[in-house]
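Colleague: The structure follows.
The values are calculated or read from the model by the stated rules, or taken from the named source; none is laboratory data. These numbers were taken from a predicted model, which means no experiment stands behind them. So basically every Cβ, Gly included, is an ideal-geometry build from the backbone, and we count neighbours across all protein chains shown. To get the accessible areas, we keep the full protein, side chains included, count just its heavy atoms, and leave off ligands, DNA and RNA. Shrake-Rupley method; radii C 1.70, N 1.55, O 1.52, S 1.80 Å.
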Amino acid sequence: MMPSIDTFLPTLGAANARLAAVDINAYAKTRNAIDGAVSRLSPYVTHGFLSFPQIAKAVQDQAGFGPQHKFVFELGWRAYFHHVWQHLGDGIFESLHEGILPENAYQLGLPLDIYAGNTGIPVIDCAVQELVQTGYLHNHARMWLASYIVHIRKVHWLVGAQWMYGHLLDGDLASNMLSWQWVAGTGSTKPYLFNADNVAKYAPKAWHSQGTVLDASYEQLHDIAKTASSHITHASRSDLKNSAAYFQVPTCQALRALVKDRTVYLVHPWSLGDLPPALPADALILGVADSRFHAAHPWSAGRWDWVMTRMGQITPHCYAPSFDGLQAALVLASSVHHTPNPHAAWLADLTHPALQVTALPKLFTDVDTYCSSFAKWWKKTALRDFHSTEQ
Ligand SMILES: Cc1cc2nc3c(=O)[nH]c(=O)nc-3n(C[C@H](O)[C@H](O)[C@H](O)COP(=O)(O)OP(=O)(O)OC[C@H]3O[C@@H](n4cnc5c(N)ncnc54)[C@H](O)[C@@H]3O)c2cc1C
């Protein structure tokens, strides 16, 4: 049976099929609706199957569009969040500025009814179930879920962000942390609030939430958001996992024997696309994971299975060595290649006389000075090799 386009398969074929299915003309008009014509390319973007220039070219070849198209603008948001991450580093895990309540007014654990998708509020329960079952959620549903968790249930945005990041197949630290901060109001000028009427406008009937706490005016919701709760608990539960069950820690001896005198290409969870064409046929493809990163930012079993299925298609050699163990072994390799990514920052410190680091091409030019808003960044960046085909 042909897989449905709504299924995310961890294959290059599935990524390309989804790219071919993008309906750029319907995108701008319908993208806010839960069943609108969004691309659903994000898991393939996050994990390095597709680059932005590749996406822009494919969509232009099919339909033609200009640099001011809403789709380019949305790609820009991701690039902007990465600009902020590059400049602020781990500062993205802290509130960028004060929100409407002090930090200690928020719980440090996710309430069990949210965790189980059992709040009794249809929009929230549908969103949680879709997130957990598919690893994907429409942008509008992410905004609703985050807003409810922070402003109605008074959970600290970082707790919600880490939970959602771990379940999303497209979980991207920059887009995730900074979007949650945008909703919370610690990375934007005001908190994002929504009500049952907004849900009724954009979501299918099963999500409609009249008669719940969300069936309120924006003034009432603002009052709720700025009122501290007297029931702050810090109970926490998590079924997210680190890399231990998925990657073996190799012995130094085994790793050295494997790489000695070989051309080695390091594959990590964010470089799961095509292998570089210039790689010799007898190169050793070595899958690596940074156990410290995965302990700090764990994933759901579903996300791990997805990533490991693709890694298994690329190489049978998957390990989680320490940085020192990897560096000591790679000294014996004849050359070392990898594709950098900010989520795999540990590889940036590797040294080798024949080291080749080839970044995925970018669609937007880098902006060196830090921009505190998307609008400032958008004015300064430019599109690379983008030939407008707008009529
Ligand atoms: C609370 C919250 C958490 C989020 N967490 C993530 C995350 O972990 N990873 C992630 O990639 N995106 C995240 N986003 C942004 C956005 O929701 C997703 O990128 C988008 O829904 C992915 O679906 P799509 O590929 O169908 O998007 P489309 O609308 O088809 O857009 C095409 C591409 O543009 C980029 N893009 C679109 N909208 C945004 C946006 N608002 N911010 C940043 N990039 C965007 C993505 O790479 C996306 O694949 C989050 C948004 C919110 C509100």
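Colleague: Along its three principal axes, how long is segment 1-123 when you only count alpha carbons? Whole Å, largest extent first please.
Modeller: 51, 39, 29
Colleague: Shifting gears a bit: Ratio to report: Rg/Rh of segment 274-391, with Cα atoms as the point set and Rh obtained by the Kirkwood method; give two decimals.
Modeller: 1.04
Colleague: Which ³J(HN,Hα) values, rounded to whole Hz and listed in residue order, are derived for segment 86-97 from phi using the Karplus coefficients 6.51, -1.76 and 1.60 in 6.51 cos²θ - 1.76 cosθ + 1.60 with θ = phi - 60°, glycine and proline given as x?
Modeller: Each residue of segment 86-97 in turn: 4, 7, 9, x, 5, x, 6, 8, 10, 4, 5, 8 Hz.
Colleague: In addition: In nm², what is the average projected area of the convex hull enclosing the Cα atoms of segment 59-209? Before the final figure, lay out each step's value.
Modeller: On the way: hull surface 41.2 nm².
Quarter of the Cα hull surface area: 10.3 nm².
Colleague: I'd like to compare 35-45, 109-119: which one has the highest average count of other Cβ atoms within 10 Å, and what's the full order after that?
Modeller: Taking the mean over residues of other Cβ atoms within 10 Å, the ranking is 35-45, 109-119.
Colleague: Cross-link candidates for residue 241: which aspartates and glutamates have Cα within less than 12 Å, leaving aside residues fewer than 8 places away along the same chain?
Modeller: Excluding near neighbours in sequence, the set is 305.
Colleague: Related question: If one computes the Cα centroid of segment 165-197 and of segment 95-159, what distance in Å separates the two points?
Modeller: Cα centroid to Cα centroid, the span is 9 Å.
Colleague: Highest mean first, what order results for 179-185, 371-377 on Cβ atoms within 10 Å?
Modeller: Numbers: 179-185: 25.1, 371-377: 15.1.
The densest-packed peptide leads the list: 179-185, 371-377.
Colleague: With N set to the number of residues, divide the alpha-carbon radius of gyration of segment 155-294 by 2.2 N^0.38 Å and report two decimals.
Modeller: That works out to 1.60 for segment 155-294.
Colleague: Given a 1.4 Å probe and every protein chain left where it sits, what share in percent of the accessible area of segment 1-123 is carbon and sulfur?
Modeller: 55 percent
Colleague: Okay, next question. Counting pairs of alpha carbon atoms under 8 Å apart in space and at least six apart in sequence, what relative contact order in percent does segment 258-298 give?
Modeller: Values: 28 pairs, mean separation 20.1, N = 41.
About 49 percent, as a whole number.
Colleague: Now, a different point. What is the sum of charges, Lys and Arg at +1 and Asp and Glu at -1, for the other residues whose Cβ falls under 15 Å from the Cβ of residue 303?
Modeller: Details: positive: 241, 310; negative: 130, 170, 172, 239, 305.
Residues near residue 303 contribute -3 overall.
Colleague: What is segment 32-134's relative contact order, in percent, from Cα pairs under 8 angstrom and six or more apart in sequence?
Modeller: Result for segment 32-134 is 9 percent.
Colleague: Here is a follow-up. What is the Cα convex hull volume of the chain when expressed per residue in Å³?
Modeller: Working: hull volume 61.8 nm³, N = 391.
Spelled out: Cα convex hull of the chain, divided by residues, is 158 Å³.
Colleague: Between segment 6-31 and segment 201-257, what's the alpha-carbon centroid distance in Å?
Modeller: About 26 Å separates the Cα centre of segment 6-31 from the one of segment 201-257.
Colleague: For segment 236-338, evaluate the Debye formula with one uniform point scatterer on each Cα (no solvent term) and list log10 I(q)/I(0) at q = 0.20 Å⁻¹, rounded to two decimals.
Modeller: Normalising to I(0) and taking log10 leaves -1.03.
Colleague: Which whole-number percent gives the relative contact order of the chain, counting Cα pairs below 8 Å spaced six or more residues apart? Walk me through the intermediate numbers first.
Modeller: Details: 589 pairs, mean separation 76.5, N = 391.
It rounds to 20 percent for the chain.
Colleague: If you don't mind, another one. Anyone know which of 201, 379, 70 comes out most mobile in the 10 Å Cα GNM of the chain?
Modeller: Looking only at 201, 379, 70, the biggest GNM fluctuation is shown by 379.
Colleague: A further question follows. Among the listed pairs 201/362; 260/362; 57/379; 29/57; 70/376, which have their C-alpha atoms separated by more than 26 angstrom in this model? Could the numbers behind the result be given before it?
Modeller: On the way: 201/362 36 Å; 260/362 33 Å; 57/379 22 Å; 29/57 21 Å; 70/376 17 Å.
Among 201/362; 260/362; 57/379; 29/57; 70/376, the Cα-Cα distance tops 26 Å for 201/362; 260/362.
Colleague: Still on this structure, please answer the following. Once every DSSP H run of n ≥ 4 in the chain is given -39500 (n - 2.57) and the sum is divided by its residues, what mean residue ellipticity at 222 nm do you get, rounded to the nearest 500 deg cm²/dmol? Provide the component values of the computation, followed by the final result.
Modeller: Working: 17 runs with 158 residues, N = 391.
Rounded to the nearest 500, it is -11500 deg cm²/dmol.
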